[in-house]
Amino acid sequence: MKRYFFVLMPLVAFIIIVSCRKEEQLPPVDFQTVCNPVDLSYRFCLTKPSRREAADPSVILFKGKYYLFLSKSGGYFHSTDLINWKLITTDDLPLENYAPTAVVVDDEIYFLTSGSKQIFKTKDPESGKWEVAKDGFQIVETDPMLFLDDDGRLYYYGGCSNTNPILGVEIDRKTLDIIGEPVKLIGENRNKYGWEVRGDYSTVYEELPWIEGAWMNKYNGKYYLQYASPGTEFKSYNDAVYVSGKPLGPFTIANHNPFAYKPEGFATGAGHGSAFRDIYGNCWHFGTVTVSIREGFERRLSLFPTFFDNDGEMYAYTGFGDYPMIMPKKKITAPEELFPSWMLLSYNKKVHASSTLNGFPAQNAVDENLRTWWSASTGNKGEFFAVDLGEISNIYAIQINFADQDAETLGRNDSIYYQYTVEHSVDGKKWKTLVDKSVNKEDAPHDYIQLKQPVKSRHIRINNISVPSGKFSLSGLRVFGKGNQATPKAVSSITVERMSDRRTVKLSWEAIPKATGYNVRFGIQKDKLYQNYLVYGKNSVTINALNTEQTYFYTIDSFNENGVTRGGVIINK
């Protein structure tokens, strides 16, 4: 007996030591990330069907704080960090009008909306107190924009039409009367510019596009007048830009266009936005995201870093534009500085749900499509949704996108919030709490949670406690981090066919083993591949958004849960 006892002692001690050893933990990160669509309390519309909407963002920096004005949002938002946004309500502004614009003039903010004859002003936007600065404004256009030049002169731009152009005119800074006659600046040219063709994939050639959403920026003495097309309900919704040496033109099309374009991925669309600088001098573009399922104007917002290159070309970087992005605390010089390299771990993985409403299958919650969703058969406590990542992975963040199936909510009220818990498990049997929002009282329909303590795990499960209305439903349970395998091989063989209709190009490439998807990068020069087009699960794509008068360079990056591999070849066509 003694012999057996001494033989077993080392083994028993080893077992005890292993069982007592703490679970391996990942170190926390020292930066804060955000993820599109922007995590904002999007208001339910006031009319049926019940759906959320926010669009046409106008963002300004005023006394060190950011103010975000939106169409039909029952208020406006302010933030000190571009991460956390607080709602300000007021009865002083026509907030049910579309496309508000705001501009800082001296120590005040001026505010104007579509269809309004009144310009408002305030010195204290956080108070919600505004007064009329001008009654009887002479131009009543849709999608107005006010721009203050650095020489102190004030300008108005506006227009939203499938037949009429964007207009511009100077405004007397003291009286707010217009000076002279409005000038026609930008009209449609869909036969030359593919990005102006209507449809999700720019294929509805017979219909005129909507030219709208003017916004002006000035950089190094040049005026950059952006406009949106072809329509807010399309995934192709984008912002393009014209350039001039004068605020009222004449304007010429910029070489790189559209400058903000995101037709694929989870949150699509980047049009009718505003470009602004943060407190560090970085430029950003807020754009409109399309959902457009329950109603054409069902929309959200996205935020993209924006740059001017050495030749003055303006571009919003939308590559992996709905993956986590670092919010900088300094001036940056390149998009690469903002991305933590956290990849999507949940795409098309195995899922399990407590129940499923007919027509809304569970796989919809991991298909990277904001327009589709899974719904449980009830909104009761105990409904759950789980995803198996396939292997133990390093998990840093989770985005929970609620779908509000069968909701009947209209407007805003204090009872609109989601309560839930998120658990994780290594083996799918023993679960630990990862996120506890069981007593949450904040409305966050696109709740993005960067974990304070990242974990190594395989299974993620969200458990419903309560929803504000309707059924427990998700358009996306998106898990971000890093796998533990190799990144895919580089794409080294590409076929590029520029069609007789030069607005269109067809690309195909070798299928890379273990690649989740591909990011097509293209642009007007070999070192200006500013456009990004995300492709999941295929090795070909047709892009219909080109300028007929330009040639383009193309390369294709492959990616999976472990990272991105840059393209191995660049083709010119």
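The values are calculated or read from the model by the stated rules, or taken from the named source; none is laboratory data. Keep in mind it's a predicted model, so treat the numbers as computed, not measured. Cβ atoms come from the backbone with ideal geometry, glycine included; neighbour counts cover every protein chain shown.
The rows are residues; the columns are (1) in a strand (DSSP E or B); (2) not assigned by TED's automatic domain parsing to the domain that holds Asp404.
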{"residue": "Arg461", "(1), (2)": "yes, no"}
{"residue": "Lys471", "(1), (2)": "no, no"}
{"residue": "Arg478", "(1), (2)": "yes, no"}
{"residue": "Leu529", "(1), (2)": "no, yes"}
{"residue": "Ala545", "(1), (2)": "no, yes"}
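Has the range 190-199 got any residue that is within 24 Å of Tyr67 (Cα to Cα), among the small types (Gly, Ala, Ser) and either out of contact with any helix residue (DSSP H, G or I) (no Cβ under 8 Å at 6 or more places or on another chain) or modelled with pLDDT of 95 or more (or both)?
Taking every residue of the range 190-199 in turn, none turns out to be within 24 Å of Tyr67 (Cα to Cα), among the small types (Gly, Ala, Ser) and either out of contact with any helix residue (DSSP H, G or I) (no Cβ under 8 Å at 6 or more places or on another chain) or modelled with pLDDT of 95 or more (or both).
Considering each residue of the range 139-151, count those that are surrounded by 20 or more Cβ atoms within 10 Å (Cβ to Cβ) and part of a strand (DSSP E or B), and give that number. I'd like the intermediate steps shown before the answer.
Here is the first cut: in the range 139-151, the residues surrounded by 20 or more Cβ atoms within 10 Å (Cβ to Cβ) are 141, 143-147.
Checking the rest, the ones that are also part of a strand (DSSP E or B) come to 145-147.
So the count comes out to 3.
Take the range 55-74 and flag every residue that is outside any strand (DSSP E or B) and either of a type in the set (Phe, Trp, Tyr) or at pLDDT below 95 (or both).
Pass one, the range 55-74, residues outside any strand (DSSP E or B): 55-57, 63-64, 70-74.
Matches in the range 55-74: Lys72, Ser73, Gly74.
Restrict the check to the range 229-239 and report whether at least one residue is farther than 18 Å from Ser161 by Cα and not assigned by TED's automatic domain parsing to the domain that holds Glu549. Give the steps one after another, and end with the answer.
To start, the set of residues in the range 229-239 that are farther than 18 Å from Ser161 by Cα comprises 235.
Then drop every residue that is not not assigned by TED's automatic domain parsing to the domain that holds Glu549, which leaves 235.
Yes - at least one qualifying residue is present in the range 229-239.
Can you pull out every residue in the range 352-392 that is of a type in the set (Val, Ile, Thr) and either surrounded by fewer than 22 Cβ atoms within 10 Å (Cβ to Cβ) or not assigned by TED's automatic domain parsing to the domain that holds Arg458 (or both)?
Kept after step one, since they are of a type in the set (Val, Ile, Thr), are these residues of the range 352-392: 356, 366, 372, 378, 387, 392.
Within the range 352-392, Thr356, Thr372, Thr378, Ile392 qualify.
Quick check on the range 413-439: of everything there that is β-branched (Val, Ile, Thr) and surrounded by 11 or more Cβ atoms within 10 Å (Cβ to Cβ), which residue is farthest from Ile392 (Cα to Cα)? If you could, list the steps in order and put the result at the bottom.
Filtering the range 413-439 down to residues β-branched (Val, Ile, Thr) leaves 416, 421-422, 426, 433, 435, 439.
Among the residues that remain, those that are also surrounded by 11 or more Cβ atoms within 10 Å (Cβ to Cβ) are: 416, 421-422, 426, 433, 435.
Details: Ile416: 35, Thr421: 21, Val422: 17, Val426: 7, Thr433: 17, Val435: 18 Å.
Among them, the one singled out is Ile416.
Could you list, in sequence order, the residues of the range 553-573 that are surrounded by fewer than 22 Cβ atoms within 10 Å (Cβ to Cβ), within 11 Å of Leu529 (Cα to Cα) and among the β-branched types (Val, Ile, Thr)?
Result: Thr555, Ile570.
Can you tell me which of Ala511, Ala545, Ala490 is among the aliphatic types (A, V, I, L, M) and within 19 Å of Tyr193 (Cβ to Cβ)? Steps first, please.
Details: Ala511 fails: within 19 Å of Tyr193 (Cβ to Cβ); Ala490 fails: within 19 Å of Tyr193 (Cβ to Cβ).
Checking each option against the conditions leaves just Ala545.
From the list Pro263, Pro247, Pro258, Pro230, exactly one residue is in contact with a helix residue (DSSP H, G or I) (Cβ under 7 Å, 6 or more places away or on another chain), of a type outside the set (S, T, N, Q) and under 30 Å from Lys331 (Cα atoms). Which is it?
Numbers: Pro263 fails: in contact with a helix residue (DSSP H, G or I) (Cβ under 7 Å, 6 or more places away or on another chain); Pro247 fails: in contact with a helix residue (DSSP H, G or I) (Cβ under 7 Å, 6 or more places away or on another chain); Pro230 fails: under 30 Å from Lys331 (Cα atoms).
After ruling out the rest, the residue left standing is Pro258.
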